[in-house]
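The values are calculated or read from the model by the stated rules, or taken from the named source; none is laboratory data. Being a predicted model, the structure only gives us computed values, none of them experimental. Here the Cβ positions follow ideal geometry from the backbone for every residue, glycine too, while neighbour counts run over all protein chains shown. Accessible surface areas use protein heavy atoms only, side chains included; no ligands, DNA or RNA. Shrake-Rupley method; radii C 1.70, N 1.55, O 1.52, S 1.80 Å.
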Amino acid sequence: MESPTKMVAKVRDFTIVVDEPPELGGTNEGPNPVEYLLVALAGCLAITGYVVAKEKGIDISSIKVKAAGILDPRKFQGLDGERAGYKEIKVEILPEGNFTESELSEWIKEVEKRCPVSDNLKNPTPVEIKIKTKDQ
């Protein structure tokens, strides 16, 4: 942590900045954690989309993904709120290429079934959080 709202993470050979916007006390030097969640979902759907299209011989030349969520920050801020996370996430996938409606229908079903990030969001996933001090 570089500040109460800014974190720099190392993932493989990459440096990722996580920060909050000014209205949530941050300096806006990077997306916040829930924005990264949307990016992870969009990226996973697109990558899975290309993999499935290749496997099925469907001509998809481009995939654009728009992801948005409805979020109430009050619980995060310590106030009364329904929940801390997204209440709803909506995704639009815009494939381009030479395909039939039937191919596209089969394709999206397979993409939804095989996308790991979508699977984690749609299904309960056990998360274990432990506190560990320097002495342990």
> Across segment 34-64, what is the number of residues that are closer than 30 Å to Met1 by Cβ and touching a strand residue (DSSP E or B) at 6+ places or on another chain (Cβ under 6 Å)?
Replying inline: 3
> Does Leu79 satisfy being without any contact (Cβ under 8 Å) to a residue 40 or more places away in the chain and touching a helix residue (DSSP H, G or I) at 6+ places or on another chain (Cβ under 7 Å)?
Replying inline: no
> Within segment 48-82, which residues are at pLDDT below 95, over 20 Å from Leu121 (Cα atoms) and surrounded by 11 or more Cβ atoms within 10 Å (Cβ to Cβ)?
Replying inline: Arg74, Gln77, Gly81
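Would you check if Leu45 is at pLDDT 95 or above and not β-branched (Val, Ile, Thr)? Spell out the reasoning first.
Working: at pLDDT 95 or above: yes; not β-branched (Val, Ile, Thr): yes.
Taking the combined requirement at face value, the residue satisfies it.
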>> Quick check on my filter: what residues within segment 1-19 are at pLDDT 95 or above, surrounded by 14 or more Cβ atoms within 10 Å (Cβ to Cβ) and not in a strand (DSSP E or B)?
In response: Lys6, Asp19
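Scan segment 12-24 and give yes if some residue there is within 17 Å of the chain's Cα centre (by Cα), over 27 Å from Lys122 (Cβ atoms) and not hydroxyl-bearing (Ser, Thr, Tyr), otherwise no.
yes
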> Does Leu41 count as farther than 14 Å from Trp107 by Cβ, assigned to a helix (DSSP H, G or I) and of a type in the set (A, V, I, L, M)?
Replying inline: yes
> For Gly85, are the conditions met, namely being assigned to a loop (DSSP other than H, G, I, E, B), over 21 Å from Lys6 (Cα atoms), among the small types (Gly, Ala, Ser) and at pLDDT below 95?
Replying inline: no
>> Just the residues that are out of contact with any strand residue (DSSP E or B) (no Cβ under 9 Å at 6 or more places or on another chain), open to solvent by 60 Å² or more (accessible area, probe 1.4 Å) and either free of Cβ contacts under 8 Å to residues at least 24 places away in the same chain or among the hydrophobic types (A, V, I, L, M, F, W, C) (or both), please, taken from segment 85-111.
In response: Thr100, Glu101, Ser102, Lys109
> Just for segment 22-38: of the residues that are out of contact with any Phe, Trp or Tyr (no Cβ under 8 Å at 6 or more places or on another chain) and buried (at least 16 other Cβ atoms within 10 Å of the Cβ), which one is farthest from Trp107 (Cα to Cα)?
Replying inline: Gly26
